[in-house]
């Protein structure tokens, strides 16, 4: 099996809007897995694990033309607090062009449609770009932890004012060069 096609972009700023597509079929599952495993190698998933996640979460891939640039996960709201999880991942060679912002906006809109009143995300602590991205969108750190038997530190962040996030997304999407 060959790796999904992913090539670094040229220049600074967004070249074009990404096409964000549902993860349907084996190829899309493999592409989602590729992005996930590149971004979070300590939590690398098998294809069977991705299939299981696709059954309970909304998984999406982002493309520019036919080039895979990122993926996202939306976990439905849970408990009486109606907290959803939205995770946007962009391959390193494609960051800084607005693709993460587009994935985030797509995920946030879906979380709202599911009735979420707050959103959480989870970032590997060494992923400074990911932490900056989340904080720039109003997420605040709620926890740092290491999973049992592991050594990598994770950071949970939360956005409590979902309506505030929605008012800023359209302007963020128009700014070239934003994650």
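Observations on the structure shown:
- Mean-position separation - Cα centroids, region 78-127 and region 31-69, in angstrom: 14 Å
- Peptide ranges 82-95, 50-63 listed from the most packed, as the mean C-beta count within 10 angstrom indicates: 82-95, 50-63
- Sequence ranges 137-147, 28-38, ranked by mean other-Cβ count within 10 angstrom, highest first: 28-38, 137-147
- Report note on the peptides 40-47, 129-136: ranked by the mean count of other C-beta atoms within 10 Å, highest first, their order is 129-136, 40-47.
Throughout, read-outs are computed from the coordinates displayed, never taken from laboratory work. This structure is a prediction, so every number in the text was calculated from the model and none was measured. Don't worry about glycine lacking a Cβ; one is built from the backbone with ideal geometry, like all the others, and counts go over all protein chains shown.
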